[in-house]
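Contents: one structure, followed by commentary.
What follows draws every value from the coordinates through simple rules; no lab data is involved. All values derive from a computational prediction rather than experimental measurement. Here the Cβ is made from the backbone with ideal geometry for all residues, glycine too, and neighbour counts use every protein chain on show.
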Amino acid sequence: MSTNPGSTNPVPTTPVSASATLVGAKRERIGPWKLFLSCSMMTLTGFGGVLPFAYRMLVEQKRWVAKEEFSELLALSQVLPGPPVLHILQMIGHRDSGWRGGLAAVLGLVAIPTLLMMLMGLMFQQFGEVPIVRQALSGMSAAAASLLIVMGLKVTAALPRRPRAWLLFAAAFICLGIARLPFLMVIAVLVPLAVGLAWLAARAARAESARARS
Amino acid sequence: MEWAWVDALLNSPLWLLCTHVALLSGTAVGGGMIAVMPDVQRFVVDTHHWITNEQFASAFAMAQASPGPNFLYVSIIGWQIAGWTGALFASIAVVAPPTLVCYAVIRLGWDGSRAGGTLQKAIREGLVPLSAGLMLASGWVLASAVDHNWRAALMTALFVLILLRTRLHPLWLILAGAVAGMAGVV
């Protein structure tokens, strides 16, 4: 949900100045309140996926983290359950001011948007049955479906060209999209399988390179 | 008798929705709440009949069209099912489990030094194909829920092409979809 289907790369790779990439440079403490406000401002500009906007704020505007650090946090957040952008903001907030900082960053991400969603719900209740609104919404839904499909296609196109990846991809798509099996059931089988296979392949590759060296 | 309210709470749509959403968001590896969308749809539309397919799709479209994280579509569904409290608790149910997991990861010290370890690499490598399949499944499920006629299906296909070929911001396409809908095209 954090990839922006409108751009080829979820995270813009604009060059940053050298000062932003100084890892371990002395930083001032940001504090929970400022974290909350900054994340709120950022999330309110985030249309169609917040992650690229988080990158822009954290790396390019505020320079709270270096580009490399952001990539590391992103890599880690991708193995955790839930939205990557939430984990990235929470980890940065936590580094700055402990659990209060982490919580402030997460609340900044979702608090005001939740109020907006309530407003959306209220408007839907008031006007959802008006024919013209219904028609507009059904057109918007068809457009939203295309955003999701594109998001999926972009990740799919970037898959490594090996049968294992494509079999797992097909299994996930068929189980969830066609057979409509429960998510938990599918995940409980496919995740250990996928991770196990990747682990075995990595081990085999290591053994292979060790043999080649000796 | 005095425990009747507990019974009522445990059987209320709000409780069922929130526990289901919390369970999903706490396990939603590789794609977050977008990947679990088909499951949420099945739960609220097919299993419990709380809302219709059309309401579900509208909630999703509205979340896409407003600023903030896309996963908050769950919050609009919460609103549709149980009003203000529904929206609030659905948001909490989406956010709390991953936040707690992340907190645990930080406390265990896995968030810095061990980044890039073999296991983490294996997890990431294993999850990428799954995440691609899950996201595409979500798109497929939403498209089959909203594209009732060939014109709507054609529009979805056309928008997919536009998004793949150009760098147009997705919001414009949502707007174009709204206009096409109002004009009675789809």
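When only alpha carbons of the protein assembly as shown are considered, Rg and Dmax amount to 21.1, 77 Å. When the convex hull of its Cα atoms is viewed from all sides, region A:73-122 shows a mean projected area of 3.8 nm².
Residue exposure proxy: B:TRP84, A:TRP99, ordered by other Cβ atoms within 10 angstrom of their Cβ from fewest to most, comes out as B:TRP84, A:TRP99. For chain B, the Cβ-based charge dipole about the Cα centre amounts to some 720 debye (Lys, Arg positive; Asp, Glu negative; other atoms uncharged).
Relative contact order for chain A: 19 percent, from Cα pairs under 8 Å spaced at least 6 residues apart, divided by residue count. The simple spin-label model puts a point 7 Å past each Cα toward its Cβ; for A:ALA179 and B:TRP5 those points are separated by 4.5 nm. With contacts taken as Cα pairs under 8 Å at a separation of at least 6 residues, chain B carries a relative contact order of 25 percent. Overall form of chain B: oblate. Here a/c, set by the Cα gyration tensor axes a ≥ b ≥ c, is 1.5 or more, and a/b is not larger than b/c.
Rounded to the nearest 500, the 222 nm mean residue ellipticity of chain A from helices alone is -23000 deg cm²/dmol, with -39,500 (n - 2.57) taken per DSSP H run of at least 4 residues. When the charge dipole of the protein assembly as shown is built from unit charges on Cβ atoms (+1 for Lys and Arg, -1 for Asp and Glu) and taken about the Cα centre, the candidate among A:SER71, A:SER214, B:LEU88 whose Cα reaches farthest toward its positive end is A:SER214.
Would you mind classifying chain A by shape? Square roots of the alpha carbon gyration tensor eigenvalues, ordered a ≥ b ≥ c; an a/c under 1.5 is rounded, otherwise it is prolate if a/b is larger than b/c and oblate if not. Oblate.
At the listed q of 0.12 Å⁻¹, the Debye profile of region B:92-186, built from one uniform point per Cα, gives log10 I(q)/I(0) equal to -0.67. A Förster radius of 25 Å combined with the Cβ-Cβ distance from B:LEU119 to A:VAL189 puts the calculated FRET efficiency at roughly 0.80.
Summing Cβ point charges (Lys, Arg +1; Asp, Glu -1) relative to the Cα centre of chain A gives a dipole of roughly 640 debye. Cβ-Cβ distance of B:LEU100 and A:LEU159, R₀ of 35 Å, FRET efficiency by 1/(1 + (r/R0)^6): the value works out to about 0.65.
Enumerate the helices in chain A for which the Kyte-Doolittle hydropathy averages -0.5 or more and the C-alpha atoms extend at least 30 Å along the helix's axis, using complete DSSP H runs. Those that clear 30 Å and a mean of -0.5 are A:84-127, A:131-157, A:183-213. Of all stretches in chain A that contain no GluC sites (Glu not before Pro) in a DSSP loop with at most 11 other Cβ atoms within 10 Å, the longest one is A:29-128.
Would you work out if region A:51-171 is rounded, prolate or oblate? Take a ≥ b ≥ c from the square roots of the eigenvalues of the alpha-carbon gyration tensor; rounded if a/c is under 1.5, else prolate when a/b is larger than b/c, oblate otherwise. Taking the square roots of the gyration eigenvalues as a ≥ b ≥ c, region A:51-171 is oblate. The residues packed around A:ARG180, meaning those with a beta-carbon under 14 Å from its beta-carbon, carry a net charge of -1 if Lys and Arg are +1 and Asp and Glu are -1. Here the simple spin-label model places points 7 Å from the Cα toward Cβ, and for A:LEU122 and B:HIS49 these points are separated by 3.1 nm.
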